[in-house]
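Reviewing the structure listed below.
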Amino acid sequence: MSQRIAVIAGDGIGNEVMPEGVRALDAAAKRFNLDLDFHTFDFGSCDYYLEHGQMLPDDWFEQLKDFDALFYGAVGWPATVPDHISLWGSLLQFRRQFDQYINLRPCKLMPGIKSPLAGRAPGDIDFYVVRENTEGEYSSVGGKMFEGTEREVVMQETVMTRTGVDRVLKYAFDLAQTRPRKKLTSATKSNGISITMPYWDERVAKMAKSYPEIAVDKFHIDILTANFVLHPDWFDVVVGSNLFGDILSDLGPACTGTIGIAPSANINPEGNFPSLFEPVHGSAPDIAGKGIANPIGQIWSGAMMLEHLGYKAAGDAMVTAIEEVLSAGDSQALTPDVGGQGTTESLGKAIAERIAG
Ligand code: NAD
Ligand code: IPM
Ligand code: MN
């Protein structure tokens, strides 16, 4: 069966890593006899904004809603478009309008990569961050008053709905259920944030009653970030609100050597809308145009997309290829962030060759 995939490269290194993501997917499609039908869109980028005055065309929802999946690069180019405009005008709309309420972000120390944490080896860091992806601190409820005067006030509310909290918790508990360690950690801050976070804790405690076999703990976000660095081996499935999940899902991958390898799946589990797969990282203006961005975050996101579409063996083969290339440690192939002297393309090609078998 043909799978229709919308490809949106976005900005900066999004344009450099996306071709490698597609190259890897093409190799997997060939080997596993899949029919992947890619459609490329130029919207969802700051160049599009500069030309059209908006990040997306008015009919973007209609144009995208029937795709089987969306494959995104990275968006944002703060030198020309303020970040809140580019992101609220694109990625955050996709997440919200397509009800992609799970943001699943694996953090795994891969063979061949040196963790910046002393004495950590592959196996020591292997957990998932499950991030709430449509509400919480990322809300549009708020406003400004007395703008431009001494009395200026700005407010932005955190919104937690019972449905929104319970569905992400359920997903995280179900995921923990499939893992050998069966452990779930909740990120909270109920000591200082006195309404929404105690509510979050209350829903976690309630949900835990339905999962007696899962070992549940919770940490306030401040000490949790410290424990990511001090004791990454404690974690298996970590669930957090939108903002806490965002922070943890850059910190986790940084502990595994580079954020350049980290993938993410923005999932609408019911399949009412397409899910979106993208690296965790952004457009990296500091290295854009140099051809040295690590393409693994994009390729691994492609692997998560294939698994989501029902092609688990193909997705697994892509991840195995990534692991093999990293273990082989050929510095001519690897990008500088993982200690090599290669390019986005050399690393992408090395992985695609392994996928091809
Ligand atoms: P960033 O993730 O773009 O970059 C942070 C650092 O990590 C930079 O030093 C960068 O060079 C490095 N890095 C990122 N990806 C890499 C890769 N693949 N290989 C090697 N090194 C890599 O974060 P930022 O600088 O805070 O944001 C830049 C822009 O991207 C902003 O406009 C921001 O809003 C946007 N952003 C978008 C997304 C997204 O599209 N999902 C995510 C994060 C940031
Ligand atoms: C991410 C990014 C986005 C987020 C930004 C760019 C709006 O940091 O995907 O992690 O905060 O969700
Ligand atoms: Mn982020």
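The values are calculated or read from the model by the stated rules, or taken from the named source; none is laboratory data. The structure displayed is predicted, hence computed values, not measured ones. Neighbour counts are summed over all protein chains in view; Cβ atoms, including those assigned to glycine, are modelled from backbone coordinates with ideal geometry.
Inspect all residues belonging to the stretch 22-41 and state whether any of them is within 16 Å of ligand 1 (Cβ to nearest atom), more than 18 Å from the chain's Cα centre (by Cα) and outside any helix (DSSP H, G or I).
Keep residues of the stretch 22-41 that are within 16 Å of ligand 1 (Cβ to nearest atom), which gives 22-24, 41.
Filter once more, keeping what is more than 18 Å from the chain's Cα centre (by Cα): 23-24, 41.
Narrowing the set further to residues that are outside any helix (DSSP H, G or I) leaves 41.
Yes, because at least one residue in the stretch 22-41 is within 16 Å of ligand 1 (Cβ to nearest atom), more than 18 Å from the chain's Cα centre (by Cα) and outside any helix (DSSP H, G or I).
With respect to the numbered conditions (1) among the β-branched types (V, I, T); (2) within 14 Å of ligand 2 (Cβ to nearest atom); (3) out of contact with any Cys (no Cβ under 8 Å at 6 or more places or on another chain), which one is the sole condition not fulfilled by V75?
So V75 meets the others, but not (3).
From the residues in the stretch 88-118 that are in contact (Cβ under 8 Å) with a residue 12 or more places away in the chain and of a type in the set (A, V, I, L, M), which one is farthest from P263 (Cα to Cα)?
L117
When both residues are 6+ apart or on different chains and their Cβ atoms are under 7 Å apart, which pairs have a first residue that lies in the stretch 229-251 and is within 16 Å of K108 (Cα to Cα) and in contact (Cβ under 8 Å) with a residue 40 or more places away in the chain, and a second that is part of a helix (DSSP H, G or I) and near ligand 3 (Cβ under 10 Å from one of its atoms)?
Listed by first residue and then by second, the contacts come to V238/L248.
Assuming A9 fulfils every condition listed in (1) within 17 Å of the chain's Cα centre (by Cα); (2) within 19 Å of S140 (Cβ to Cβ) apart from one, which condition is it?
Checking A9 against (1) within 17 Å of the chain's Cα centre (by Cα); (2) within 19 Å of S140 (Cβ to Cβ), the one that fails is (2).
Taking into account only those residues within the stretch 252-269 that are closer than 15 Å to L104 by Cβ and either out of contact with any Lys or Arg (no Cβ under 7 Å at 6 or more places or on another chain) or not in a strand (DSSP E or B) (or both), which is farthest from ligand 1 (Cβ to nearest atom)? Steps first, answer last, please.
Going residue by residue through the stretch 252-269, those that are closer than 15 Å to L104 by Cβ are 252-253, 262-269.
Still in the list and also either out of contact with any Lys or Arg (no Cβ under 7 Å at 6 or more places or on another chain) or not in a strand (DSSP E or B) (or both): 252-253, 262-263, 265, 267-269.
Working: G252: 14, P253: 10, A262: 9, P263: 11, A265: 12, I267: 15, N268: 17, P269: 20 Å.
So the residue we want is P269.
Please go through the stretch 238-295 and give me each residue that is more than 11 Å from the chain's Cα centre (by Cα) and among the hydroxyl-bearing types (S, T, Y), ordered by number.
Scanning the stretch 238-295 gives S241, T256, T258, S275, S283.
Go through the stretch 262-304 and report how many residues are within 16 Å of ligand 2 (Cβ to nearest atom), of a type in the set (A, V, I, L, M, F, W, C) and under 17 Å from A28 (Cα atoms).
Qualifying residue count for the region: 3.
Quick check on the stretch 274-312: of everything there that is under 18 Å from S90 (Cα atoms) and aliphatic (A, V, I, L, M), which residue is surrounded by the fewest Cβ atoms within 10 Å (Cβ to Cβ)?
Result: A284.
Enumerate the strands (runs of 3 or more DSSP E) found wholly within the stretch 86-177, keeping only those where 2 or more residues are more than 16 Å from ligand 2 (Cβ to nearest atom) and not hydrophobic (A, V, I, L, M, F, W, C).
Details: elements: 102-108, 126-132, 142-145, 153-156.
Ranges flagged: 142-145.
Listed here are the residues, each with its yes/no results for (1) in a helix (DSSP H, G or I); (2) surrounded by 19 or more Cβ atoms within 10 Å (Cβ to Cβ); (3) at pLDDT 95 or above; (4) not assigned by TED's automatic domain parsing to the domain that holds V338.
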residue	(1), (2), (3), (4)
A187	no, yes, yes, yes
G192	no, no, yes, yes
M197	yes, yes, yes, yes
E213	no, no, yes, yes
V229	yes, no, yes, yes
V238	no, yes, yes, yes
L248	yes, yes, yes, yes
